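The values are calculated or read from the model by the stated rules, or taken from the named source; none is laboratory data. The model shown is predicted, which means the values in this text are computed figures rather than measured ones. Methodologically, a virtual Cβ is constructed for each residue, glycine included, from the backbone with ideal geometry; neighbour enumeration extends over all protein chains shown. Heads up: the accessible areas ignore ligands, DNA and RNA and are worked out on the full protein's heavy atoms, side chains in. Shrake-Rupley method; radii C 1.70, N 1.55, O 1.52, S 1.80 Å.
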Amino acid sequence: MQGRIPTSVIVRAVLAMGLCRLGSLNALGQAKGSSLWRRWLGQALPSPDTIGRVAGLVDVESLRALGHHVYERLKRGKALMPGPHGLLALVVDGHETHATYKRHCPGCLERTIHTANGDRVQYYHRLVDASLVTSDLHILLDAEPILPGEDEVAVALRLLDRLAGEYPRAFDVVQGDALYADPRFFNWAVDHGKHALAVLKNDRRDLLQDAQRLFEDQPPRVVQDASPRRECWDLEGFTTWPQVQVPVRVVRSHETRQVRRQLDGQIEEEATDWFWVTTLPAKLVSTWALVRMGHHRWGIENEGFNELVNQYHADHVYRHEPTAMLVFWLLTQLCLNVFTAFFRRNLKPAARAAVSMLHIARLMLAELYLPLARAPT
Ligand SMILES: [Zn+2]
């Protein structure tokens, strides 16, 4: 019979698993003979089953406090500086962590999938994540699970309420995709002394059509000397969205870039059209800066979530239980934050240029595995 395992030991073990990018509790368990554990945990590595079970008992608030501690350290070290516009944006985004037809738990969301063999109920988990965009770091601040019956924007507001309390001066702008062109999101920003920025699509047809009509009469501002080439339109004072407490500004960016076709190597022009709606006034953020800020959201999608999922295995279901899943997610975020900050801010530029992040991760893995290779078999 195993004695009671402190949750702090489990947190440390999961952090080691994340930083070494092992991706499974079994892989972690196979490294139990490493001498690293005595130094890092002060005891032997618990079994994979125990780690999964005790992860469900970890106090989530203590993990959020740990995340806040890392944020404070980075802030004090001047690692979280705003971009040239002087503002820090908090990007909120929904993320589906996994889907299955088989096992489900009280935290599972459900949807019906129409298949050739009839309708099937699929179970899945989804959460809203909040990332802070600074000049050269994306820091994942917090996450909030979407519970059965809840809509994503309502959950995002619950997350924002918590962040406004915990990180009151960490961000100036709240930002999201087209789903967040929602009066609740914009009014939340106004009520909390923040600005809002969201992608504008057809779901806000009146506002979009109004902007499109007015932009037709306005010559674009052109940014020539960059790729993509951008033609931008920018107008303030729209009141076509009466549910929002303040008039809003709409910015359009028509972007063209030359791409080489994979099929025959020919160069062709690719065009995309972007609209954003915001409360940010032009005197605070120029058209160009707003377009850059708008595109940053995709940076989060590409760098943040993709890295979290592909490199850190955040979508892996280590244990299918709501608290354990959130604990593993928050700890994986913490790993990504600490590792990225270490790589970008601690390593000397020459060292950073010479090796990749993956190389550094492999060195950490070697630290764990080397004692195993040396141990008698
Ligand atoms: Zn579930």
*In the chain, what percentage of the DSSP-assigned beta bridges are antiparallel, given to the nearest 5?*
90 percent
*What order, most packed first, do the peptides 323-331, 178-186, 347-355 have when packing is the mean number of other Cβ atoms within 10 Å of each residue?*
323-331, 178-186, 347-355
_Surface accessible to a 1.4 Å probe, per residue, for the residues of the stretch 140-256, Å²_ = 46 Å²
*asked:* Quick check: Cα centre of the stretch 19-72 to Cα centre of the stretch 87-156, how many Å?
replied: 24 Å
_Using a 1.4 Å probe on the protein heavy atoms, what percent of the accessible area of the stretch 112-163 belongs to carbon and sulfur?_
48 percent
*Difference of contour (0.36 nm per residue) and Cα-Cα distance, Asp191 to Met364*: 57.8 nm
*Using all C-alpha to C-alpha distances in the chain, build P(r) with 20 Å bins and read off the rounded percent in each one.*
25, 52, 22, 2
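For every other residue with a beta carbon closer than 15 angstrom to the beta carbon of Pro371, add +1 if it is Lys or Arg and -1 if Asp or Glu, then tell me the sum.
+3
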*Based solely on its DSSP helices, what 222 nm [θ] is calculated for the chain when runs of n ≥ 4 H residues each add -39,500 (n - 2.57) and the sum is averaged over all residues, nearest 500 deg cm²/dmol?*
-12000 deg cm²/dmol
*Expressed as a rounded percentage, what relative contact order does the stretch 125-173 have, with Cα pairs under 8 Å and six or more residues apart?*
31 percent
*Hey, quick one: spin label on Glu269, modelled 7 Å out along Cα-Cβ, who in the stretch 195-231 has an amide N within reach, i.e. under 11 Å?*
229
*Cα centroid of the stretch 211-251 to Cα centroid of the stretch 344-371, whole Å*: 44 Å
*For the chain, list the DSSP H helices whose alpha carbon atoms reach 20 Å or more along the long axis and whose average Kyte-Doolittle value is -1.0 or above?*
60-76, 152-166, 322-341, 357-374
*With the full set of protein chains in place, find how many percent of the accessible area of the stretch 271-372 is carbon and sulfur; take the probe as 1.4 Å.*
58 percent
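Let me check I've understood the local charge: for Arg21, count other residues with C-beta under 14 angstrom from its C-beta, Lys and Arg +1, Asp and Glu -1. What total comes out?
That sum, taken over residues with Cβ under 14 Å, equals -2.
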*Evaluate E = 1/(1 + (r/R0)^6) for Thr239 and Met81, where r is the Cβ-Cβ distance and R0 equals 30 Å; express this FRET efficiency to the nearest 0.05.*
0.25
*Taking a spot 7 Å from the Cα of Ser227 along the direction of its beta carbon, which residues of the stretch 263-281 have an amide N less than 11 Å from it?*
268
